[in-house]
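Worksheet for the structure shown next.
The values are calculated or read from the model by the stated rules, or taken from the named source; none is laboratory data. Small disclaimer: the values here were computed from a predicted structure and weren't measured. Virtual Cβ from ideal backbone geometry, glycine too; neighbours counted across all protein chains shown. Areas reflect the complete protein model, heavy atoms only, side chains present, ligands, DNA and RNA absent. Shrake-Rupley method; radii C 1.70, N 1.55, O 1.52, S 1.80 Å.
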Amino acid sequence: MKLWAPTADYIEKSEMTAFKEFTEDRFRVSIGDYEQLREWSVTHLEDFWESIFLYFQVMSDTPYSQVLNRSEQGFIGSKWFEGATLNYAEHIFRNYTDERPAVIYKNEQAETREISWKELQERTGALRQYLLRCGVGKGDRVAGVLNNTPETLAIFLAVNSLGAIWTCCSPDFGSDSVVERFQQISPKILFADKLYHYNGKTFRKSRLINELAERIDSIEDVVVVNDLKWRSIFALAKKGQPLAFDRVAFDHPVWILYSSGTTGKPKAITHSTGGNLLEHFKALALHQNVQAGERFMWYSTTGWMMWNYAVGALLTGATLCIYDGSLSYPALSVGWKFAFDHKIDHFGAGAAYFIACAKRNPVLPNIPFKTLGSTGSPLPADTFEWLQLKFPDTQIISLSGGTDVCSAFLSGCPWLPVYAGEIQCIALGADIEALNENGEPVKNELGELVINQPMPSMPLYFWNDEGNVRYRESYFEKYPGRWQHGDWIKITENNGIIIYGRSDATLNRGGVRIGTAEIYNAIEEMVQDSLVVCIDHPNGSSEMYLYVQTEEPLSSKTEKAIRERLKSRCSPRHVPDKIFRVPDIPYTLSGKKLELPVKRLLMGASPEKAVSMDAVKNPAALDYWLKKQG
């Protein structure tokens, strides 16, 4: 169902239109609609990425010799813009202005701050001076266990200004989980917050900080935000010293992100400076239509790649709006009120937040959003419809991509209509197809998401991955020469995309593949939450188990209604063999359901092999399955 369509004025004033006109003039091409632009972007891949480089006026000390030098493997080791030297933070600070704040910040304690560009620049400069005194330079790693605050932003910008490599975990990570990540990359300096607030509770992290300093030998200094050492950094800073930026090679690492680590050691995914710079310009300015002077917020912790993505909004000249704490405490209206009070134009969050809002239907203020963004898991059609009803003039942008690319390759487009349950489009420069079980490209049927050509924001490598063994295993084993992302998708007749869940947790019923999201979407208003797995038995048979979280005990009437709903909305194959009521549904720290770990537990794997508890947002939710084992 079509929910929204852009006006002629909206299309004309979009950044996508300005970019199209620039590209047509520069490369002497004629582009009609979005599909033509996307097709050109992948059939003329080098011209496309050069047009991004030129349109956004990327600053480089030296010229590049060529846009893309493909490796023999095709992806790993491919070189982009060889010879270019640049700095991510420098492109943020070229938007310095006294006309509007750089950052607007609020937390659960009702503290609200506006940070000017002048203040952000001075704080970044003071932190840069401190890092220089510590001997931090290009290639050194600096780590944080930090809340989402303006202080964290300034720390990152200072680290990046030196060409050092940033990495961060949010304070809700357990100590073993943080050690497991940081030990891989040997950080020189650690910044940390000594407490965090969530859902009205205060969590103190002094013990974690001490443990990290003891267990990670490479750490030479620890700075606790707002403690004496932190304050001395600014007291000792030389006043009036201009903020400098050390430009680095295009493929110099900008930051290290981590895979969820729920079923094994987290992968330390290392991203390039230039690749993420170009990707964030493209994703935020073109696909999300974020423009100078607007206000952008994406609710995230610092341990999720959406924090890095949100920082990219500063590249466009937008004001970054940050909310630290729970968007649902003390009520679901908290996030919406923050958006209303501060006139936010682009409001983004995890799909779970919007689903919860749609179920409870809180009274919301009338906010003239330009876009609403959702990611983390598929956004059900019913939630699309609820959001559009509340904000009829707003473009809803559902995103999908991930930590692997620190961006979204399925995204929005200001030229296209929005259909309930569909991501609007495949992003520019992303050569994506859906492959059936025979490896053939398909449309309007379920297929595995693959990317046929490299993108600049794909990982440089995994840190300490000798010979790129884990890198190859993660994306290239099934389809050599193609990136296998691990999602089941359908490319629709609208050229939109529906995501049906992770392919490694796919349900197989009588030879028919079923995405878990199909089940969740069908019953989402009947239950508080749900999780489904297929269990394979030694005799070759399998059973589908559906676990539901409900307020009331699971009656035979409710169970029958669930089965009938799945049969009528989906198919008889979608009906589970057994339905169980559980107290809670387990999630990773980044908001993904633990389908595969639950399946492994049910098939007899030991808890330590099935799941890393430190990577679980709500570990007590697994007690139900752990007791089953016992």
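Screening Lys343, Lys370 for residues that are closer than 13 Å to Glu294 by Cβ, among the basic types (Lys, Arg) and under 23 Å from the mean Cα position of the chain (by Cα) leaves exactly one candidate, Lys370. Out of Ser41, Ser51, one residue alone is out of contact with any Leu (no Cβ under 9 Å at 6 or more places or on another chain), in a helix (DSSP H, G or I) and either modelled with pLDDT under 95 or surrounded by 15 or more Cβ atoms within 10 Å (Cβ to Cβ) (or both). It is Ser51. Residue count for region 613-630 satisfying the condition of being among the polar types (S, T, N, Q), under 25 Å from Ser326 (Cβ atoms) and either open to solvent by 50 Å² or more (accessible area, probe 1.4 Å) or over 25 Å from the mean Cα position of the chain (by Cα) (or both): 0. Scanning region 324-333 for residues that are open to solvent by less than 10 Å² (accessible area, probe 1.4 Å) and of a type in the set (Ser, Thr, Tyr) turns up just one, Ser326. Among the residues making up region 206-246, those that are at pLDDT 95 or above, assigned to a loop (DSSP other than H, G, I, E, B) and touching a helix residue (DSSP H, G or I) at 6+ places or on another chain (Cβ under 9 Å) are Ile216, Asp217, Ser218, Ile219, Val225, Asn226, Leu243, Ala244, Phe245, Asp246. Residues of region 520-534 that are of a type in the set (A, V, I, L, M) and at pLDDT below 90: Ala522 alone. Of all the numbered requirements in (1) farther than 21 Å from Arg113 by Cβ; (2) of a type outside the set (S, T, N, Q); (3) open to solvent by 10 Å² or more (accessible area, probe 1.4 Å); (4) touching a residue at least 60 places away in the same chain (Cβ under 8 Å), Ile165 misses one, and that requirement is (3). Residue-level check: of (1) in contact (Cβ under 8 Å) with a residue 60 or more places away in the chain; (2) open to solvent by 20 Å² or more (accessible area, probe 1.4 Å); (3) in contact with a strand residue (DSSP E or B) (Cβ under 7 Å, 6 or more places away or on another chain); (4) not charged (D, E, K, R), Tyr34 misses just (2).
Taking the listed residues Tyr500, Tyr419, Tyr461, the one that is farther than 30 Å from Ser71 by Cβ, out of contact with any Pro (no Cβ under 6 Å at 6 or more places or on another chain), hydroxyl-bearing (Ser, Thr, Tyr) and open to solvent by 40 Å² or more (accessible area, probe 1.4 Å) is Tyr419, with no other qualifying. Residues of region 110-122 include at least one that is of a type in the set (Gly, Ala, Ser) and within 26 Å of Phe338 (Cα to Cα).
For region 311-320, the condition of being open to solvent by 30 Å² or more (accessible area, probe 1.4 Å), over 17 Å from Gln109 (Cα atoms) and within 17 Å of the chain's Cα centre (by Cα) holds for none of the residues.
Scanning region 96-128 for residues that are touching a residue at least 40 places away in the same chain (Cβ under 8 Å) and basic (Lys, Arg), which turns out farthest from Gly335 (Cα to Cα)? Ranking the qualifying residues of region 96-128, first place goes to Arg128.
It is to be established whether one or more residues within region 396-410 are buried (at least 19 other Cβ atoms within 10 Å of the Cβ) and over 15 Å from the mean Cα position of the chain (by Cα).
yes
Scanning region 504-519 for residues that are of a type in the set (Gly, Ala, Ser) and either modelled with pLDDT of 90 or more or surrounded by fewer than 20 Cβ atoms within 10 Å (Cβ to Cβ) (or both) turns up Gly510, Gly511.
Hey, any hits in region 538-555 for a residue that's within 23 Å of Glu437 (Cα to Cα), open to solvent by 30 Å² or more (accessible area, probe 1.4 Å), modelled with pLDDT under 95 and in a strand (DSSP E or B)? Yes, region 538-555 contains at least one residue that is within 23 Å of Glu437 (Cα to Cα), open to solvent by 30 Å² or more (accessible area, probe 1.4 Å), modelled with pLDDT under 95 and in a strand (DSSP E or B). Taking the listed residues Gln109, Gln66, Gln57, the one that is surrounded by fewer than 17 Cβ atoms within 10 Å (Cβ to Cβ) and at pLDDT below 95 is Gln109, with no other qualifying.
A count restricted to region 556-612 and to residues that are in contact with a helix residue (DSSP H, G or I) (Cβ under 8 Å, 6 or more places away or on another chain), within 23 Å of Tyr198 (Cβ to Cβ) and open to solvent by 70 Å² or more (accessible area, probe 1.4 Å) stands at 1.
Report, by residue number, each residue of region 1-31 that is hydroxyl-bearing (Ser, Thr, Tyr) and open to solvent by less than 80 Å² (accessible area, probe 1.4 Å). Result: Tyr10, Ser14, Thr17, Thr23. In region 262-310, what residues are surrounded by fewer than 24 Cβ atoms within 10 Å (Cβ to Cβ), under 21 Å from Leu416 (Cβ atoms) and either among the aromatic types (Phe, Trp, Tyr) or within 15 Å of the chain's Cα centre (by Cα) (or both)? Within region 262-310, just Phe281 meets the criteria.
Here is a yes/no grid of residues against (1) touching a residue at least 12 places away in the same chain (Cβ under 8 Å); (2) of a type in the set (Phe, Trp, Tyr); (3) in contact with a His (Cβ under 6 Å, 6 or more places away or on another chain):
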residue	(1), (2), (3)
Lys20	yes, no, no
Glu24	no, no, no
His44	yes, no, no
Phe53	yes, yes, no
Met59	yes, no, no
Tyr64	yes, yes, no
Ser78	yes, no, no
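Can you tell me which residues in region 8-31 are over 20 Å from Ser411 (Cβ atoms) and outside any helix (DSSP H, G or I)? Of everything in region 8-31, those that are over 20 Å from Ser411 (Cβ atoms) and outside any helix (DSSP H, G or I) turn out to be Arg28, Val29, Ser30.
Against the test of being without any contact (Cβ under 8 Å) to a residue 12 or more places away in the chain and part of a loop (DSSP other than H, G, I, E, B), the options Pro480, Pro459 yield a single qualifying residue, Pro480.
Conditions (1) in contact with a strand residue (DSSP E or B) (Cβ under 9 Å, 6 or more places away or on another chain); (2) in contact (Cβ under 8 Å) with a residue 24 or more places away in the chain, marked per residue:
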site: Asp176; (1), (2): no, yes
site: Ile185; (1), (2): yes, yes
site: Tyr196; (1), (2): yes, yes
site: Gly200; (1), (2): no, yes
site: Val222; (1), (2): yes, yes
site: Arg231; (1), (2): no, no
site: Ala235; (1), (2): no, no
